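Any read-out appearing in this document is the output of simple, stated calculations on the displayed coordinates, not a laboratory observation. Fair warning: this is a prediction, and the values are worked out from it, not measured in the lab. Cβ placement follows ideal geometry from the backbone for every residue including glycine, while neighbour counts extend to all protein chains displayed.
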Ligand SMILES: NC(=O)c1ccc[n+]([C@@H]2O[C@H](COP(=O)([O-])OP(=O)(O)OC[C@H]3O[C@@H](n4cnc5c(N)ncnc54)[C@H](OP(=O)(O)O)[C@@H]3O)[C@@H](O)[C@H]2O)c1
């Protein structure tokens, strides 16, 4: 299969690449990639990317900025940045990518456990992650052509705990390798319109 991984160089993305292994043709995309540059906040960049890549079988997104700030310090910028990147970046990859994906292909997006648990400074993340899931599930119902759309919702990765762990008191960080397997299940399995809680 020809599989695009957006954010392949990141903490989550590296684990997705490892889980998918060597049996597939992986297209590893991100803003700083020399081979496959892509900025998912820019529809022009996305169109150019798909025109270069051509038809593909699966697209996985493990990218998207989120603003973290307590309620009293939340600014328009926190919302705007998160909306443009994590929500509209993933929306644009699907709405533009649907014209390039093969019939029977799949899109796998990323939300996060903050859809279900609420932490200090996590208002934007909880809101945007829920919007990502709403978009994915409604699109799965409508898209047709045998195309599947799923979301993986990871808990805090062990690899991210040194930086982010203090925001998640009482949480059990999840090994990145385990999270990678949920993406593999979404890409290689048959499920559709599902949120896979990767904890
Ligand atoms: N880490 C966790 O514990 C955790 C838990 C739950 C959910 N998540 C979610 O998982 C996703 C990835 O998180 P992460 O921790 O792996 O982040 P990360 O380590 O910062 O990696 C982000 C990846 O995305 C790429 N990227 C960022 N902005 C992009 C853009 N506009 N267009 C294309 N590529 C872009 C980055 O490469 P370039 O800089 O080269 O573009 C990098 O490859 C995020 O949505 C995050 O909310 C993470």
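Numbers below:
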quantity	calculated
Virtual spin-label span in nm between residue 71 and residue 45, 7 Å along Cα→Cβ	3.4
Listed peptides 15-21, 138-144 by packing density, highest first (mean Cβ within 10 Å)	15-21, 138-144
Largest-first principal axis extents, alpha carbons of region 105-151, Å	42, 14, 12
Over region 1-84, equivalent-ellipsoid semi-axes from the Cα gyration tensor in Å	28, 16, 9
Contact order relative to length of region 150-190, as percent, for alpha carbon pairs under 8 angstrom and 6 or more apart	48
Between region 97-129 and region 15-91, the alpha-carbon center distance in angstrom	11
Region 100-184 pair-distance distribution - Cα-Cα, 10 Å bins, rounded %	16, 41, 29, 12, 1
Computed E for residue 80/residue 172 - FRET, C-beta separation, R0 30 angstrom, nearest 0.05	0.40
Sorted peptide list for 3-12, 96-105, criterion being average Cβ within 10 angstrom, highest first	3-12, 96-105
Simple spin-label estimate for residue 99 and residue 9 in nanometres, 7 Å along Cα-Cβ	2.8
Stokes-Einstein D (µm²/s) once Rh is taken as the Kirkwood radius of region 157-199 over alpha-carbon pairs, at 10 °C in 1.306 mPa s	137
Rough spin-label spacing in nm, given labels placed 7 Å along Cα→Cβ, for residue 116 and residue 191	1.1
Taking all pairs of distinct alpha-carbon atoms in the chain, Kirkwood radius in angstrom	16.8
Dimensionless Rg over Rh [region 55-138; C-alpha; Kirkwood]	1.04
